Amino acid sequence: MHMGLTLKIATYNVNGVNGRLPVLLRWLEYAEPDIVCLQELKAPQDKFPEAALLDAGYRSIWHGQKSWNGVAILSRVGEIHETRRGLPGDPDDTQSRYIEAAVNGVLIAGLYLPNGNPRPGPKFDFKLAWFARLEQHLATLISLDAPVICMGDFNVMPTELDVYAPERWRDDALFSPEVRQAYARLLDQGWCDALRERHPDEVVYTFWKYLRHAFERNAGLRIDHVLLNPLATAMLRDAQVDTGVRGWEKTSDHAPVWIELSDA
């Protein structure tokens, strides 16, 4: 980052980038983030709306997949220098869930962690294995001589404060002890949970189901997270959820999460 620069960096699970393109473009115009990680594109590589985003002022790189998954990084503050797509450690993993790039002096890692349900079962095993690979890879990034931000839909509620009615989620893969321990191990590496850093005791949610007026009742979950390495943590000025976007028409079931970094 250049001296005196302020960056607004966001993550947003769009739940279908083409079907919800009007919502995404409306939010980009409203929030004016500089760098964005998107998850759940649900679009094959050749169907990503690159031109529409360019018209809105954003360059993009993306890792698509037919019908499912998919991650992207957008920037309106310069070139995106891709450093990796896909996590190391499993050559058989063909799911589009991880993308990483250097943008404007910051290393951005965007991810969409597996859901893992039903638990127990092969999907849950895959989630834990994926988490272990993430832990190994992030260990190589945390001490880089640059701000590093790892953000996206982690599909984990780290604590009881992060889930409405925790007793109903005891058997769920998003709230299982193993998954919460895996997330805690990332914090033990030295990563800072930006939303919790700014809102230590507050109820903050990023996801509300479409069912039973969950959003209106604020029956939500905090599963979208922004993790910062120590250099980025020192620059953290703010971290918020654009909760209102969840109330828009034809919107995603997630709300965007953003942070502001400044080296001033």
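The values are calculated or read from the model by the stated rules, or taken from the named source; none is laboratory data. These figures come from a predicted structure and were not determined experimentally. Cβ atoms come from the backbone with ideal geometry, glycine included; neighbour counts cover every protein chain shown.
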> Listed residues L261, L228, L174; which is of a type in the set (A, V, I, L, M, F, W, C), farther than 20 Å from A31 by Cα and either surrounded by 24 or more Cβ atoms within 10 Å (Cβ to Cβ) or at pLDDT below 95 (or both)?
Replying inline: L228
> Any residue in the stretch 106-120 that is within 27 Å of Q240 (Cβ to Cβ), touching a Cys at 6+ places or on another chain (Cβ under 6 Å) and of a type in the set (G, A, S)?
Replying inline: yes
> Can you pull out the residues in the stretch 15-39 that are farther than 24 Å from A102 by Cβ and in a loop (DSSP other than H, G, I, E, B)?
Replying inline: N15, G16, N18, G19, R20
> List pairs: first in the stretch 233-249 and at pLDDT 95 or above, second surrounded by fewer than 19 Cβ atoms within 10 Å (Cβ to Cβ) and assigned to a helix (DSSP H, G or I), Cβ under 7 Å, 6+ apart or cross-chain?
Replying inline: L236/E197; D238/R198; A239/E197; A239/R198; D242/A31
> Looking at A43, A51, which one is out of contact with any Lys or Arg (no Cβ under 9 Å at 6 or more places or on another chain), small (G, A, S) and farther than 17 Å from E260 by Cα?
Replying inline: A51
>> I'd like to verify a number: residues in the stretch 86-112 that are farther than 27 Å from L236 by Cβ and surrounded by fewer than 20 Cβ atoms within 10 Å (Cβ to Cβ), how many?
In response: 9
> Of L138, L74, which residue is within 15 Å of the chain's Cα centre (by Cα), crowded, with 19+ Cβ neighbours inside 10 Å and under 24 Å from A43 (Cα atoms)?
Replying inline: L74
